[in-house]
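Participant: The structure that follows is given in the form of structure tokens.
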Number of protein chains: 2
Amino acid sequence: MASLTEENYLKLIYHLSGALREEVSTSALAEQTQTKAASVTDMLKKLAEKNLIHYKRYQGVRLTEEGEYMALKVIRRHRLWEVFMVEKLGFRWDEVHPIAEELEHIASDELINRLDAFLNFPVSDPHGDPIPTASGSMPEADYHKLCDTSLNDQVTVMGVSEHASSFLQFLSKAGLVPGSTVQVVEINAFDRSMQIRINGLEPSFISHEVARNILVSPES
Amino acid sequence: MASLTEENYLKLIYHLSGALREEVSTSALAEQTQTKAASVTDMLKKLAEKNLIHYKRYQGVRLTEEGEYMALKVIRRHRLWEVFMVEKLGFRWDEVHPIAEELEHIASDELINRLDAFLNFPVSDPHGDPIPTASGSMPEADYHKLCDTSLNDQVTVMGVSEHASSFLQFLSKAGLVPGSTVQVVEINAFDRSMQIRINGLEPSFISHEVARNILVSPES
DNA sequence: ATAAAATTTTAGACTACCCTAAAAAACTAT
DNA sequence: ATAGTTTTTTAGGGTAGTCTAAAATTTTAT
């Protein structure tokens with residue numbers, strides 16, 4: 001039984017620790033939670049007490065197995081609700097994150113598993129992020145960044161690594177959404193910007209900053 | 001911006017004040033919230049401060065117009081989520097109340113209005129309770145109690161006034177759910193128990209206690 | 001290697017919501 | 001109408017989660 005605040009810390013530690021499950025610093029947590037480092041330290045003590053994190057003073061934190069399990073449950077709930085809002089309620093992909101931040105704390109497993117079935121067991125959310133399974137494992141897809149795609153290669157957009165709504169709205173307008181086909185037409189060496197052909201249409205220009213935050217996989 | 005706890009108090013005051021909008025006592029609130037009277041007094045002061053209730057010491061409380069508006073929003077959210085869970089996720093009507101108690105505090109109007117549309121603007125929840133409109137008015141239906149139905153009259157079950165899951169499960173088993181047709185076949189004067197014919201089938205026996213908590217309207 | 005800078009933790013305090021015990025006000029019964 | 005009972009409020013205090021200020025530890029730079 002973790003409180004809403006505890007769940008948010010676990011989720012955040014999961015995200016900040018990255019694929020390599022590196023230690024997360026107190027200051028990084030303070031920045032993301034919009035609180036002060038002293039408050040974070042208090043919470044870390046509590047989470048360590050509950051065996052949800054490995055914590056030694058001044059050493060940063062990692063999730064325990066139990067902590068990771070709980071973080072993945074929160075992330076699973078978040079992403080399933082996002083799918084629900086986009087697929088069933090007609091929200092745009094750039095609108096759903098803040099509401100999912102609230103819905104993710106409704107704890108009923110029965111609710112979430114029925115929702116999962118209602119949505120036909122989606123494997124990823126509207127931004128292409130994988131949805132953890134009910135048993136608590138995260139399906140890790142090996143997408144790569146659009147900016148690393150070679151000239152003339154054709155790829156499919158699978159997701160994004162930046163979720164700011166302004167970025168998502170830009171992508172919608174450009175047609176760069178999960179499922180779109182992209183061919184790299186030109187790469188400018190000096191600023192790494194690209195000309196790309198989206199779904200076979202006229203080439204468009206995107207900056208390296210944009211290309212870096214688009215996840216793609218090779219055409220099948 | 002009312003907190004989760006404040007929302008629960010407003011909803012409770014609404015329910016306890018009844019159709020006549022009578023004053024609600026501190027002790028009634030303490031009993032229902034599973035807290036002590038002293039704690040209730042603290043909260044009443046805060047709600048009065050925010051102009052959500054009319055409160056004079058020792059006099060009980062009533063909702064202000066603004067307080068009632070907020071209570072109705074919470075009740076609207078609760079009942080829409082109940083419809084969602086039963087209609088879309090396949091929950092039984094006796095399972096949804098505790099989960100709706102959590103979902104009702106997700107505040108987004110956009111979410112609720114889209115959910116309302118997705119559900120085809122239902123007018124009542126799975127227990128027959130009316131769903132307040134987006135503008136904050138409660139459609140009051142003039143149902144009467146099954147126990148007040150005259151011998152041989154035929155009526156339609158519209159809802160219930162008791163929501164305990166054991167009661168709801170009993171009704172499901174008996175086929176006494178909203179929409180069922182009931183004809184009163186016999187009334188026992190000494191204990192006011194009844195023989196009733198449900199959907200034209202063989203007569204069943206129900207106690208006054210059961211009949212008192214079933215809401216019906218005359219056959220059209 | 002050690003002084004300066006940065007990070008993290010401790011100490012003490014605040015708010016929201018809850019508590020117990022005691023005081024105040026309102027009912028009730030004769 | 002007044003004494004006893006019940007209800008409600010006040011007073012003082014506790015926990016979760018936050019804060020500021022100061023102390024402890026680690027990192028960085030020379």
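Participant: Please enumerate the residues belonging to region B:117-142 that are part of a helix (DSSP H, G or I) and surrounded by 14 or more Cβ atoms within 10 Å (Cβ to Cβ).
Facilitator: The answer is B:PHE118, and nothing else.
Participant: Next up: Among what's in region B:30-73 and is closer than 13 Å to B:TYR14 by Cβ and out of contact with any strand residue (DSSP E or B) (no Cβ under 8 Å at 6 or more places or on another chain), pick the residue that is nearest to DNA strand C (Cβ to nearest atom). Walk me through it before giving the result.
Facilitator: Step one: list which residues in region B:30-73 are closer than 13 Å to B:TYR14 by Cβ, which gives B:32, B:47, B:52-53, B:61-73.
Of the ones still in play, those that are also out of contact with any strand residue (DSSP E or B) (no Cβ under 8 Å at 6 or more places or on another chain) are B:32, B:65-66, B:68-70, B:72-73.
Working: B:GLN32: 12, B:GLU65: 21, B:GLU66: 17, B:GLU68: 19, B:TYR69: 19, B:MET70: 14, B:LEU72: 20, B:LYS73: 17 Å.
Selected residue: B:GLN32.
Participant: Pick from B:GLU7, B:GLU23, B:GLU66: which is over 18 Å from the mean Cα position of the chain (by Cα) and under 29 Å from B:VAL123 (Cβ atoms)? Please lay out each step first, then the result.
Facilitator: Values: B:GLU7 fails: over 18 Å from the mean Cα position of the chain (by Cα); B:GLU23 fails: under 29 Å from B:VAL123 (Cβ atoms).
Just one listed residue meets the conditions, B:GLU66.
Participant: With B:ARG62, B:ARG76, B:ARG114 as the choices, which residue is out of contact with any helix residue (DSSP H, G or I) (no Cβ under 6 Å at 6 or more places or on another chain), open to solvent by 50 Å² or more (accessible area, probe 1.4 Å) and closer than 26 Å to B:THR33 by Cα? Reasoning before the result, please.
Facilitator: Numbers: B:ARG76 fails: open to solvent by 50 Å² or more (accessible area, probe 1.4 Å); B:ARG114 fails: closer than 26 Å to B:THR33 by Cα.
Answer to the selection: B:ARG62.
Participant: Here is a list: B:MET138, B:MET85. Which entry is modelled with pLDDT under 95 and of a type in the set (A, V, I, L, M, F, W, C)?
Facilitator: From the options B:MET138, B:MET85, the qualifying one is B:MET138.
Participant: Something else now. What tally of residues in region B:100-109 results from selecting those that are part of a helix (DSSP H, G or I) and within 8 Å of chain A (Cβ to nearest Cβ)?
Facilitator: 2
Participant: Given B:ARG21, B:ARG57, which one is open to solvent by 30 Å² or more (accessible area, probe 1.4 Å), more than 14 Å from every other protein chain (Cβ to nearest Cβ), within 13 Å of DNA strand D (Cβ to nearest atom) and not in a helix (DSSP H, G or I)?
Facilitator: Just one listed residue meets the conditions, B:ARG57.
The values are calculated or read from the model by the stated rules, or taken from the named source; none is laboratory data. Computed from a prediction, not measured in an experiment: that's the story for all the values here. All Cβ positions, even for glycine, are placed from backbone atoms using ideal geometry, and neighbour counts span all protein chains on display. All accessible areas refer to the heavy atoms of the entire protein, side chains included, with ligands and DNA or RNA removed. Shrake-Rupley method; radii C 1.70, N 1.55, O 1.52, S 1.80 Å.
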